[in-house]
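Encoded as C-alpha cells, the structure appears first; notes follow it.
What follows is calculated from the coordinates using simple rules that are stated; it is not laboratory data. Computed from a prediction, not measured in an experiment: that's the story for all the values here. Cβ sites come from the backbone with ideal geometry, for glycine too, and all protein chains shown count toward neighbours.
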Amino acid sequence: MSSTVLLHSAAEGIPQTLRIGTRGSILARTQTEWVAGKLRALGHSVAVEIITTTGDTRTDVAVAGIGGDGVFVRELERALIEHRIDVAVHSLKDLPTAETPGLDLACVPRRAVPFDALVGRDGQPLAALPNGAIVGTSSVRRTLQIRLLRPDIVVRGLRGNVDTRLRKLEAGEYDGIVLAAAGLQRLGLGQRISELLQPDAFYPAISQGALALQTRSDDPQTRAAVAPIDDPATHSAVLAERACLGALAGGCLAPIGGIALVNAAGMLELGCCILEDRAGGVRRIVASAESDPALVSASSLGLTVAARLRDQGADRMLDHARHS
C-alpha cells in the first residue's frame, strides 16, 4: 500500500519519498492512511511500509505475557533507527514513556475521542448488562474499573484486532466488550458504541485516542515535513499525561488511567487514577490539577498530579501490581 506525490528535499532540492512505517492491522493502516493523506495534501510523496510487530503475531496470550511495554512499537523503532523508514506512526498509548535514544516524538495530530467504549451485544450500557454478564478485555486498567463499577460482572480476556473482537461478541462469547472509542470511530464503526465510558467513573489509558509520529533525532527535514499536522493542544495534553505516567514508573500496561483536557476557563486540567486489585475488592485513588498552559509546562503539570497520587500511596499500589 503506497502512494506517490512530489516531495522535494529542502537541503538537496531533489525528489524524495517519505517512507511511513505502520503495523499491519486494519486500524493501524487506517490511521496511517489518514496521516499519509494529510502529508500528501501538503505536497509530499508518501510510501507506506507495513511492519509486523511482536504484539501483532502473539495474539494467543495477554500483552503482559509477551514482553509488556513496547510490544507494538519495537520493530517500528528498529526500522527507523536502521533507516528503513523515515516516520513511524503509533497509537500513542502504545509508546513507552522512556524515550528511545536517537528518536523523537516529532508530531501529535489532533486527538480523536479519548475514552473507552462499551459495545454491548444487545446495545445495553454497562449498568444495564445482566447480573453475571461476561465482558471482554485484556486490559488490567479496564478490568479493574469494570469490577469497581459492577463487581458481579465476569471479565474474560480478549485479544485480536477490532474485527476479531466484534466477531467474538456477535458469536455469543461475550455480552459486551470494551474497546477504544477512537479505534471504532476511525474504522467507521462508531454506531456500534453502546456507551462511552468517561471520567470520573472510568478513566482511559494515558494518551488514548492520540497518534504519535516518531522520527530520527538527526533528521530535521522529516521533522519539518510532519510539523504542520501537529496539534499543539493535543501535544500538550499527552505530554502532561505521559509525564505523570513516567514519574510513577508506570508503563503502558500499568493499572493507571488519565486524561488531560482544556477546560472552560482555558486551563489545562489533568486527572489520573491508579487501581489496585485487593482481597477485599478494587481500590482506586484519584488526583487532579490544572495549570495555565502559557505559564506552566505540561510536563510540570504531570509531575504535580503524580506527586499527589504518591501522597495517597501510589508507589505501594503499583509495586503490588507489578508483583501480583
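Of all DSSP beta bridges confined to the chain, the antiparallel ones make up roughly 75%. Within the stretch 116-197, DSSP assigns beta bridges of which about 60% are antiparallel (rounded to the nearest 5). Classify the stretch 116-197: rounded, prolate or oblate, from the alpha-carbon gyration tensor (a ≥ b ≥ c, eigenvalue square roots; a/c under 1.5 rounded; otherwise prolate if a/b is larger than b/c)? Rounded. Normalised by the number of residues in the chain, the average gap of Cα pairs under 8 Å and 6 or more apart makes the relative contact order 18 percent. By how many degrees, between 0 and 90 and to the nearest 10, does the Cα long axis of helix 232-247 differ from the longest principal axis of the chain? So the inclination is approximately 60 degrees.
Taking the Cα centre of the chain as reference, the dipole from Cβ charges on Lys and Arg (+1) and Asp and Glu (-1) amounts to some 600 debye.
Counting only alpha carbon atoms, the long axis of helix 140-149 and the longest principal axis of the chain meet at about 40°. Secondary-structure-derived ellipticity at 222 nm for the chain, considering helices only, amounts to -9000 deg cm²/dmol, per-run term -39500 (n - 2.57) for DSSP H runs with n ≥ 4. When the charge dipole of the chain is built from unit charges on Cβ atoms (+1 for Lys and Arg, -1 for Asp and Glu) and taken about the Cα centre, the candidate among Cys273, Ala36, Leu248 whose Cα reaches farthest toward its positive end is Cys273. Principal-axis analysis of the Cα atoms of the chain puts helix 298-311 at an angle of about 20° to the longest axis. Taking amide hydrogens as placed 1.01 Å from N in the peptide plane, the amide H of Gly21 sits under 5 Å from those of Glu49, Asp86, Val87, Ala88, Val89, each at least 5 positions away in sequence or on another chain.
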